[in-house]
Every structure is written in C-alpha cells, then in structure tokens.
Amino acid sequence: MAKTPETEHPVKAFGYAATDTSGSFSPFKFSRRATGETDVQLKVLYCGVCHSDLHMAKNEWGFTQYPLVPGHEIVGYVPHQVVTEVGSKVEKVKVGDKVGVGVLVGSCRQCDQCTNDLENYCPKQIQTYGFPYLDGTINRGGYSNIMVADEHFIIRWPDNFPLDAGGPLLCAGITTYSPLRYFGLDKPGLRIGINGLGGLGHVAVKFAKAFGTKVTVISTSLSKKKEAIERLGVDEFLVSRDPEQMQAAVGTLDGIIDTVSASHPVVPLLSLLKPNGKLIVVGAPEAPLQLPVFTLIQGRKTIAGSGIGGMKETQEMIDFAAKNNILADVEVIPIDYINTAMDRLLKSDVKYRFVIDVENSLKPE
Ligand code: NAP
Ligand code: ZN
C-alpha cells in the first residue's frame with residue numbers, strides 16, 4: 001500500500017496544513033522521521049507566521065506541494081526537558097536545552113557556499129517545509145507539535161531570551177541582519193531606509209538602530225507612523241503614496257532594505273538613494289518588479305538581493321539580538337486563528353508578527 005503522510009515515518013505528528021490554493025488551513029495528521037544519529041527532535045512551543053508561509057499556502061511562487069505544513073520560525077522548550085530526543089552523535093545541544101529552527105534544515109555541506117558558512121546559497125539547500133528531504137519525503141514545518149532537524153541546522157537559544165518574541169528572528173531577523181552587515185549598511189551615522197513596516201521591516205528597523213544608523217521607514221500605512229517614531233525610534237517616516245513626501249526625501253539614503261511582499265514600483269526607491277546607494281531586495285512578490293534603468297545609471301546605484309543567512313550568521317544574529325535586547329513585536333495567537341491571521345497578514349494588519357502558541361493551542365484531534 002502506498003505510504004501516506006501519516007504512515008511514511010514512524011513518529012506520529014500533527015499540525016495544521018493548507019491543502020489547496022485557497023490557502024485555507026485545517027488540522028492535519030502526519031509523521032516525522034525517527035531521530036537519526038545527528039538529529040535533534042524538539043517539542044514545538046512557538047512558531048512565527050512569515051509572509052512566505054502565506055505565499056506558499058496559496059502557491060503564489062508556483063512550487064507548492066500540498067498538503068503544506070508551513071512554519072520556519074520555530075522554537076522549542078519544555079521546562080527541564082526541552083529537547084525531547086537527541087541523536088547519539090549530537091554535540092551541539094543536550095536534553096534540556098532550548099533550541100530554534102529557522103528556514104533551513106539541510107544543504108550539501110561541501111560546496112563553496114557551504115564551506116564558507118553560506119548554506120543559504122547552497123544550490124542543494126533544503127528548506128524547512130515544502131522541500132523534499134534527503135529521503136525524498138516532503139518536509140513539514142513548525143505549525144505542528146514536534147520537529148526534527150540535523151543538529152547543524154539547530155540554533156542554540158540564549159539563556160533568558162524570550163521564545164515567543166525571539167522566534168521570528170529565525171527568519172525575519174536573519175533576513176534583514178545579513179544584508180545590513182554584508183552590504184556595509186551597519187555603520188553608525190549612515191542613513192538607511194526600510195521599505196514596508198511588517199514582520200521583516202520592524203526587526204530591520206531594530207537592527208539598523210542597534211548598528212547606530214539613522215532609519216527612514218517607507219510605508220503605505222500612515223497608521224503606523226506614530227508608533228514607529230515613538231516606540232521603534234524611527235527617525236523619519238515616509239508615506240510612499242505621498243509624492244510630495246517622497247520628492248522631499250530624494251537622494252537622502254545610503255541604502256534601503258526592501259521587504260515589501262507585493263509588487264511595487266522600484267524607481268521611487270532608487271530615487272531616494274544617494275549616488276552609490278544600494279537597494280537590497282528581500283521581499284519576494286509573486287509578480288516581477290519593473291526596473292527602468294536610468295535611475296540606476298544616474299548615480300551608479302546598486303540593486304541586489306539577499307536570502308536569509310547561513311547557520312553561523314544566524315547564531316551570531318540571535319546572540320547579538322539577545323545582547324542588545326532585540327525582539328520582535330508579536331501578537332500571540334492560538335493555532336485555530338491561523339486563517340484569520342493570514343487574512344489580516346494580507347491586509348498588513350498585524351503589529352508586527354503573528355506567533356502561534358503551539359504548545360497551548362494545538363491539541364490532537
Ligand atoms: P509582512 O509582515 O506582510 O510585511 C510586508 C509589508 O509590506 C507590509 O506590512 C506592508 O508594510 C508592505 N506592503 C504590503 N503590501 C504592499 C503593497 N501592495 N505595496 C507596498 N507595500 C506593501 O511580510 P514579511 O513576513 O515581513 O515578509 C515580507 C516579504 O519578504 C515576503 O514577500 C516574504 O516572502 C519575503 N521574505 C523573504 C526572505 C528572504 O530570504 N529574502 C525571508 C523571509 C521573507 P506597510 O504597511 O508599512 O506599507
Ligand atoms: Zn520567513
């Protein structure tokens with residue numbers, strides 16, 4: 001008999017899955033592999049809701065395989081016994097540790113990218129959900145009760161660092177921290193723009209401020225202005241749909257991290273850059289962005305992309321965040337709220353990250 005998600009592995013698991021392009025979630029039974037020699041099995045306590053989960057649930061990028069159990073901002077913790085099972089060769093963590101799993105659970109570990117701590121650019125990278133694992137079965141993410149991952153892809157959790165508000169850093173955090181560092185946009189005094197004040201955008205603001213830069217938020221939501229300035233410490237807030245405000249800020253920024261999840265014009269962003277300025281795209285809209293080249297040519301500007309970060313840098317980012325008290329601003333939700341949460345995420349109606357309280361709300365059917 002053909003194996004089903006419930007029978008393909010020995011360890012019973014359950015969670016929430018999207019089953020078609022409506023992106024609607026419902027309870028789902030499946031299974032996890034037995035804990036291998038270098039694996040860590042963890043009990044999932046919280047899982048952040050990334051806009052990538054929404055893109056994937058609706059098959060907006062065109063490669064979703066249903067049923068899809070998303071979730072790649074996963075933290076596990078059980079008082080006195082967090083890691084429920086560790087393989088015999090695991091050295092990084094022990095039973096009792098708090099751990100995180102982000103966007104990656106595998107890579108070839110041999111190519112130039114992998115040997116330079118850039119597993120995120122390995123051509124054979126394996127993402128946490130919706131990708132085939134080494135055994136050919138499809139990975140399932142953190143909208144579920146338990147998780148298993150090779151220890152190389154496990155993040156050690158700093159002592160006393162909150163799990164609910166820290167979890168989103170495993171994707172939103174590293175995706176913004178990495179380009180700020182790599183592209184030299186982390187120098188005190190630089191003027192950095194953050195386009196889109198959502199899950200990624202608001203932690204980008206926090207890292208950019210921690211690096212000592214001056215931060216301009218570029219947003220479609222005037223309603224986010226007061227809080228952005230008063231609470232997040234944003235230095236300037238531009239409403240992107242206000243041409244006068246945008247015109248007044250032309251040529252003021254050294255770099256922009258563009259986190260917007262939907263198709264949007266690029267020229268107004270390039271216009272905000274100083275000569276030699278850099279526009280770094282991390283948002284991943286389903287439709288291509290248009291790139292009229294003259295704004296790029298005039299001023300020798302750069303446009304580049306960036307995807308999450310390698311494991312070493314992800315650990316560095318979490319440790320930096322713990323030291324500098326950087327957390328996501330979260331709305332903690334029960335898992336049966338996920339369909340409403342996705343509707344609200346689509347409308348940019350969340351400040352600024354939904355996090356599922358998996359432990360307290362996901363019960364076996
Ligand atoms: P999010 O919380 O929904 O934030 C996106 C923000 O973009 C919204 O809050 C909104 O900010 C702005 N926005 C939405 N629709 C817009 C539109 N039509 N025009 C202009 N601005 C709009 O999403 P997220 O979780 O931060 O993820 C953002 C994007 O990054 C997604 O596409 C996701 O897939 C991608 N991503 C990429 C990576 C990577 O490795 N590169 C990793 C994670 C996520 P305002 O209200 O301020 O306008
Ligand atoms: Zn993500």
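The values are calculated or read from the model by the stated rules, or taken from the named source; none is laboratory data. Because the structure is a prediction, the values reported are computed rather than measured. When we count neighbours, we look across all protein chains shown, and the Cβ atoms used for this are built from the backbone with ideal geometry, even at glycine. Just so you know, the surface numbers come from the protein's heavy atoms only, side chains and all, with ligands and any DNA or RNA stripped out. Shrake-Rupley method; radii C 1.70, N 1.55, O 1.52, S 1.80 Å.
Residues in the stretch 119-148 that are over 20 Å from the mean Cα position of the chain (by Cα) and among the charged types (D, E, K, R): 135 only.
Entry remark, the stretch 303-321: residues being without any contact (Cβ under 8 Å) to a residue 60 or more places away in the chain and surrounded by 15 or more Cβ atoms within 10 Å (Cβ to Cβ) number 2 in total.
Yes/no per residue for (1) within 28 Å of residue 173 (Cβ to Cβ); (2) surrounded by fewer than 17 Cβ atoms within 10 Å (Cβ to Cβ); (3) within 16 Å of ligand 2 (Cβ to nearest atom); (4) basic (Lys, Arg):
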| position | (1), (2), (3), (4) |
| --- | --- |
| 7 | no, yes, no, no |
| 20 | no, yes, no, no |
| 23 | yes, no, yes, no |
| 31 | no, no, no, no |
| 34 | no, yes, no, no |
| 40 | yes, no, no, no |
| 47 | yes, no, yes, no |
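Applying the condition of being open to solvent by less than 10 Å² (accessible area, probe 1.4 Å) and touching a residue at least 60 places away in the same chain (Cβ under 8 Å) to the stretch 200-218 and asking which residue is farthest from ligand 1 (Cβ to nearest atom) yields 207. May I ask you to list the residues in the stretch 219-237 that are within 10 Å of ligand 1 (Cβ to nearest atom) and either free of Cβ contacts under 8 Å to residues at least 40 places away in the same chain or touching a Pro at 6+ places or on another chain (Cβ under 9 Å) (or both)? Matches in the stretch 219-237: 219, 222, 223, 225, 228, 237. Taking the criterion of being surrounded by 14 or more Cβ atoms within 10 Å (Cβ to Cβ) and of a type in the set (A, V, I, L, M, F, W, C), the residues of the stretch 282-302 that qualify are 282, 284, 289, 296. Here 174, 192 are screened, and the one residue that is in contact with a Gly (Cβ under 8 Å, 6 or more places away or on another chain), surrounded by 19 or more Cβ atoms within 10 Å (Cβ to Cβ) and more than 24 Å from residue 104 (Cα to Cα) is 192. Looking only at the stretch 96-115, decide whether some residue is away from ligand 2 (no atom under 16 Å from the Cβ), touching a His at 6+ places or on another chain (Cβ under 8 Å) and open to solvent by less than 40 Å² (accessible area, probe 1.4 Å). Yes.
Per-residue answers, yes or no, for (1) of a type in the set (A, V, I, L, M); (2) under 21 Å from the mean Cα position of the chain (by Cα):
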site	(1), (2)
31	no, no
49	yes, yes
57	yes, yes
75	yes, yes
97	no, no
117	no, yes
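Of the candidates 100, 142, the single residue that is in a strand (DSSP E or B) and either closer than 30 Å to residue 20 by Cα or at pLDDT 95 or above (or both) is 100. Just one of the numbered conditions (1) more than 16 Å from ligand 2 (Cβ to nearest atom); (2) open to solvent by 10 Å² or more (accessible area, probe 1.4 Å); (3) in contact (Cβ under 8 Å) with a residue 12 or more places away in the chain is not true of residue 136: (3).
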